[in-house]
Each structure stands twice: as C-alpha cells, then as structure tokens.
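The values are calculated or read from the model by the stated rules, or taken from the named source; none is laboratory data. Since this is a predicted model, take the numbers as computed values, not measurements. Note that each Cβ is placed from the backbone with ideal geometry, even for glycine, and that neighbours are counted across all protein chains shown.
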Amino acid sequence: MSLQVRADWAQRGLAVDLDLPAGRHAVTGPNGSGKSSLLSVIAGLSRPDRARVVLDGRALDEVPPHRRRVGLMSQAPALFPHLDVRDNVAFGPRSTGRGRRGARDTANHWLEVVGMSSFADRRPAQLSGGQAARVALARALAAEPDALLLDEPLAALDVEATPAMRAVLADVTHAREDLVVVLVTHDVLDVLTVADGVADTMTVLGERVEHGPVRQVLEHPRSAFTAGLAGVNLVHAAALSGSGARTPTADGPLEIATGPHDVTGACWVTFAPDAVSLHREQPEGSPRNVWHGRVSRVEAHAGRARVWLSTPLPMSAEVTPAALAALPLRPGDRVWASVKASQVRVHPAHTDPVG
Ligand SMILES: Nc1ncnc2c1ncn2[C@@H]1O[C@H](COP(=O)(O)OP(=O)(O)OP(=O)(O)O)[C@@H](O)[C@H]1O
C-alpha cells in the first residue's frame with residue numbers, strides 16, 4: 001500500500017510531491033499553510049490547479065470521493081443531521097454498494113471500537129463535540145479505506161476524552177498495518193505520540209515543504225516554524241568555508257562559530273536552547289560565541305526555565321530552575337550568552353544567499 005500525492009494549488013499556497021508508504025505520516029505547518037487543503041485534494045473534495053493522487057497503484061484523478069477508498073475525519077465532523085449515528089457510519093459502506101444489513105453490521109462494529117455503541121440511535125445534534133469526533137472516526141473507518149486522513153482528530157476533544165481517542169487511534173492504526181494514515185496536527189507531541197509511537201514521516205507545509213523521518217526533519221529544521229516545533233534556535237546566514245557562518249544583524253554582519261561543515265551559500269544555523277549558557281559577567285575561556293544582551297522573557301517550560309534573550313541574534317536558552325535561581329534573571333536584566341562552536345550546526349537553506 002502506498003499513497004502518492006502531487007498537487008499544485010496556488011490559491012491555497014500548496015505545492016507538494018509526497019510518496020507515503022503504509023504507516024503513519026504527520027503533516028503540520030503554520031495556519032493557512034494548506035494542511036486541510038492537502039487532505040481535501042487526497043479525498044477528492046476539491047479541484048486544485050494540478051493534482052495526481054495514486055493510492056495502491058490506482059490513479060484517483062477521475063474517481064469520485066466515495067469510491068476512492070479514502071476515509072477523511074475532518075476538523076468539523078460534518079455528520080448528516082437527518083441520519084442517526086448508526087446510519088451516518090453505515091453511509092460509507094452503503095455508498096460503495098454494501099447491502100443494508102451488512103452496512104449496519106459494519107457500522108455497529110466501528111461504533112463499538114470507538115466506544116459509541118450506546119449512542120447509535122441518537123441524532124448528531126444530540127452529541128457533544130468529542131462524541132461527534134468519535135463518530136466521525138468510525139464513519140471514516142467503516143468505509144474500509146486504504147488511506148485514513150485525520151484532520152486535527154484531537155482538537156475537538158476535552159482533556160478527559162483525549163487519552164481515549166489516542167488509544168482508539170493507536171489500536172486502529174496498529175490493527176491495519178497496510179493502512180496509510182495521514183495525520184494533520186499543530187502539536188508536535190501528536191507527531192510523536194498520537195498513534196502510540198513516532199510517526200514514520202513528518203511533512204511541514206509552508207513556503208518550502210520539509211519532509212522526511214520525524215527525527216531528521218526536527219534535527220534539520222529549514223524554517224522558523226519547524227525550529228519552533230523542535231525548540232531549537234534558528235538563524236538564516238551565509239555559510240563560511242569549512243566552518244562558521246555570517247549573518248546580518250542590526251549592528252552589522254555577525255560571525256557565528258560553528259562545528260565543521262561542507263555547506264556553501266545560504267544556510268540555516270541551529271543550536272538547541274540547552275546549549276546556551278547564561279552568565280552575569282562576561283565568560284572567559286573557550287566558548288567562541290559570546291553575545292551580550294538583555295532578558296526579554298522568562299517562562300517555565302516542561303520543568304525547565306526558558307529564557308528569551310534579545311542579543312544581536314534573538315534566541316532562547318533553557319536552564320534548570322536551580323540555575324535560574326542562582327543567576328537570578330528577570331526581564332530587562334543584562335546577561336551574557338555563550339554557545340560552544342561544536343554545538344552549532346549548519347544546514348543548507350536552498351534560498352538566496354544573505355549576509
Ligand atoms: N474555501 C476556501 N476558499 C478559498 N480559500 C481558502 C478556503 N479554505 C482555505 N482557504 C485558503 O487556503 C489556504 C490554505 O488553507 P488551509 O485551510 O488548507 O490551511 P491549514 O494549514 O489547514 O490551516 P489551519 O492550520 O488554520 O487549519 C489559506 O490561505 C486559506 O485562507
């Protein structure tokens with residue numbers, strides 16, 4: 001099983017060429033980057049400028065949505081208001097030609113899987129948002145899709161319903177190893193945990209599409225959005241030969257000492273917040289990157305303190321609460337930040353050189 005999607009849709013800012021084998025694939029990106037549009041192209045619900053969707057070797061260009069073997073759980077579960085829950089779920093199998101009895105059996109099965117059997121006779125208007133989301137998942141699965149598209153499946157759920165839905169998604173995706181699951185999410189934790197394990201690939205939509213194994217995408221961010229997901233500091237710069245990079249700042253060009261690299265031209269320089277050390281006095285000794293600036297914000301972050309700095313390069317540092325207490329630091333305080341060259345990485349940027 002595999003899903004190939006090539007789509008260009010200028011109006012929606014979408015330009016992708018993806019080849020997704022069976023497994024779990026996360027799609028993320030800033031608001032308006034085209035995530036929902038991508039799913040609608042795969043499901044056959046929209047007409048982009050150009051699209052080629054191939055599922056399990058079948059070209060879907062001329063295939064109507066209900067015959068594509070694609071299940072879509074959209075952000076606002078559009079259940080049919082005049083049908084009860086069971087008939088909503090039975091709709092998919094019915095429209096692919098299953099008899100009434102068989103379609104109802106299938107619906108009952110999937111309603112049980114998502115824990116909604118006792119709501120089978122209700123109308124959608126009598127469901128909470130979280131319950132409607134579960135019915136929408138059952139409906140997507142009842143069509144026995146080869147590809148399951150999930151648009152923010154946890155977004156409508158409250159804190160209590162979320163673990164149950166995560167468990168259902170994990171069960172479903174494990175039960176069908178040949179299924180291609182495409183999960184749209186804003187939350188990097190979903191990329192890592194939604195189906196009980198790290199997604200096989202991650203795609204970040206935006207001006208430039210980033211795609212690959214999750215770890216690779218997060219370790220080599222090519223956009224501020226991805227760097228934000230990964231929590232790393234990101235600077236657009238021009239690579240210097242062998243090691244180092246130069247970036248323009250308000251005070252003129254700044255050289256950044258980096259580990260050795262073979263990048264030429266435009267690059268992204270990254271370093272993790274926990275690679276940034278903070279000092280009250282100018283540090284002495286080995287670090288070659290030492291910048292002076294002010295603290296702009298301090299936040300608690302997963303048991304650590306994140307300190308946002310306004311230095312020649314805007315950046316954040318992650319320190320232990322104990323280190324923060326020892327310094328101590330408040331917004332507006334002057335501070336020195338240092339980063340070892342060996343902790344600074346350089347990735348090609350594939351855009352016009354800067355600096
Ligand atoms: N029905 C529509 N008609 C015209 N333009 C639309 C329509 N829906 C979305 N757009 C535009 O297409 C672009 C992509 O939208 P889309 O909803 O696919 O992005 P998204 O990444 O899913 O966003 P979000 O994170 O906000 O859900 C945006 O610029 C949006 O304004």
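Okay, residues lined up against (1) of a type in the set (A, V, I, L, M); (2) under 30 Å from ARG69 (Cα atoms):
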| site | (1), (2) |
| --- | --- |
| ALA164 | yes, yes |
| ALA199 | yes, yes |
| GLY228 | no, no |
| ALA245 | yes, no |
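Can you say whether ASP171 is assigned by TED's automatic domain parsing to the domain that holds ARG58, over 20 Å from LEU3 (Cβ atoms) and among the charged types (D, E, K, R), as far as the supplied structure shows? Considered against the rule, which asks whether it is assigned by TED's automatic domain parsing to the domain that holds ARG58, over 20 Å from LEU3 (Cβ atoms) and among the charged types (D, E, K, R), ASP171 comes out as yes. When the strands (runs of 3 or more DSSP E) confined to the range 1-75 are screened for residues that are of a type outside the set (A, V, I, L, M, F, W, C) and without any contact (Cβ under 8 Å) to a residue 40 or more places away in the chain, those reaching at least 1 such residues are found at 14-21.
Can you find a residue in the range 209-223 that is modelled with pLDDT of 85 or more, more than 22 Å from THR173 (Cβ to Cβ) and either within 16 Å of the ligand (Cβ to nearest atom) or surrounded by fewer than 19 Cβ atoms within 10 Å (Cβ to Cβ) (or both)? So far as the range 209-223 goes, yes, one or more of its residues are modelled with pLDDT of 85 or more, more than 22 Å from THR173 (Cβ to Cβ) and either within 16 Å of the ligand (Cβ to nearest atom) or surrounded by fewer than 19 Cβ atoms within 10 Å (Cβ to Cβ) (or both). Kindly indicate whether SER95 is out of contact with any strand residue (DSSP E or B) (no Cβ under 9 Å at 6 or more places or on another chain), assigned by TED's automatic domain parsing to the domain that holds ALA138, polar (S, T, N, Q) and at negative phi. When the stated conditions are applied, SER95 passes them.
Restricting ALA199, ALA245, ALA237 to residues that are away from the ligand (no atom under 16 Å from the Cβ), assigned by TED's automatic domain parsing to the domain that holds SER37 and surrounded by 16 or more Cβ atoms within 10 Å (Cβ to Cβ) narrows the list to ALA199. Just one of (1) in contact with an Asp or Glu (Cβ under 8 Å, 6 or more places away or on another chain); (2) away from the ligand (no atom under 16 Å from the Cβ); (3) outside any helix (DSSP H, G or I) trips up LEU154, so point out which. Going through the list (1) in contact with an Asp or Glu (Cβ under 8 Å, 6 or more places away or on another chain); (2) away from the ligand (no atom under 16 Å from the Cβ); (3) outside any helix (DSSP H, G or I), LEU154 breaks only (2).
Of the candidates SER2, SER74, SER95, the single residue that is surrounded by fewer than 22 Cβ atoms within 10 Å (Cβ to Cβ), polar (S, T, N, Q) and within 11 Å of the ligand (Cβ to nearest atom) is SER74. The sole residue among VAL290, VAL307, VAL295 that is within 23 Å of THR226 (Cβ to Cβ), aliphatic (A, V, I, L, M) and outside any loop (DSSP other than H, G, I, E, B) is VAL307.
Checking each residue in the range 10-32 for being in contact with a strand residue (DSSP E or B) (Cβ under 8 Å, 6 or more places away or on another chain) and either of a type in the set (Lys, Arg) or within 8 Å of the ligand (Cβ to nearest atom) (or both) picks out LEU14, ARG24, GLY29.
What do you reckon, is ALA125 in a helix (DSSP H, G or I) and either touching a Ser or Thr at 6+ places or on another chain (Cβ under 6 Å) or not acidic (Asp, Glu) (or both)? Criteria met by ALA125.
Among the residues making up the range 32-60, none is polar (S, T, N, Q) and touching a Pro at 6+ places or on another chain (Cβ under 6 Å).
Would you please name the residue that is modelled with the highest pLDDT, looking only at residues in the range 310-355 that are in a loop (DSSP other than H, G, I, E, B) and small (Gly, Ala, Ser)? Show your work before the answer.
First, pick out the residues of the range 310-355 that are in a loop (DSSP other than H, G, I, E, B): 311-313, 320, 327-333, 340, 344, 349-355.
Pick out the ones that are also small (Gly, Ala, Ser) and you get 332, 349, 355.
Numbers: GLY332: 93, ALA349: 71, GLY355: 32.
Checked the range 310-355; the qualifying residue modelled with the highest pLDDT is GLY332.
To keep it simple, each residue is scored yes or no on (1) under 23 Å from ARG222 (Cα atoms); (2) in contact with a strand residue (DSSP E or B) (Cβ under 9 Å, 6 or more places away or on another chain); (3) surrounded by 14 or more Cβ atoms within 10 Å (Cβ to Cβ); (4) not aromatic (Phe, Trp, Tyr).
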{"site": "VAL232", "(1), (2), (3), (4)": "yes, yes, yes, yes"}
{"site": "ASP251", "(1), (2), (3), (4)": "no, no, no, yes"}
{"site": "GLY265", "(1), (2), (3), (4)": "yes, yes, no, yes"}
{"site": "ASP274", "(1), (2), (3), (4)": "yes, yes, yes, yes"}
{"site": "ALA323", "(1), (2), (3), (4)": "no, yes, yes, yes"}
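The residue that is farthest from the ligand (Cβ to nearest atom), counting only those in the range 170-196 that are β-branched (Val, Ile, Thr) and modelled with pLDDT of 85 or more, is VAL180. Sub-8 Å Cβ pairs linking a first residue in the range 103-116 that is assigned to a helix (DSSP H, G or I) to a second residue that is of a type in the set (Ser, Thr, Tyr), at least 6 apart or interchain, are ASN108/SER117; LEU111/SER117, ordered by first then second residue. Could you tell me whether any residue of the range 54-68 is within 13 Å of the ligand (Cβ to nearest atom) and not hydrophobic (A, V, I, L, M, F, W, C)? No, there is no match, as no residue in the range 54-68 is within 13 Å of the ligand (Cβ to nearest atom) and not hydrophobic (A, V, I, L, M, F, W, C). Can you say whether GLY303 is over 25 Å from PRO30 (Cβ atoms), at pLDDT below 90 and touching a Ser or Thr at 6+ places or on another chain (Cβ under 9 Å), as far as the supplied structure shows? Yes, satisfied. Looking at the structure I just gave you, is LEU39 surrounded by 23 or more Cβ atoms within 10 Å (Cβ to Cβ) and within 16 Å of the ligand (Cβ to nearest atom)? Taking the combined requirement at face value, the residue satisfies it.
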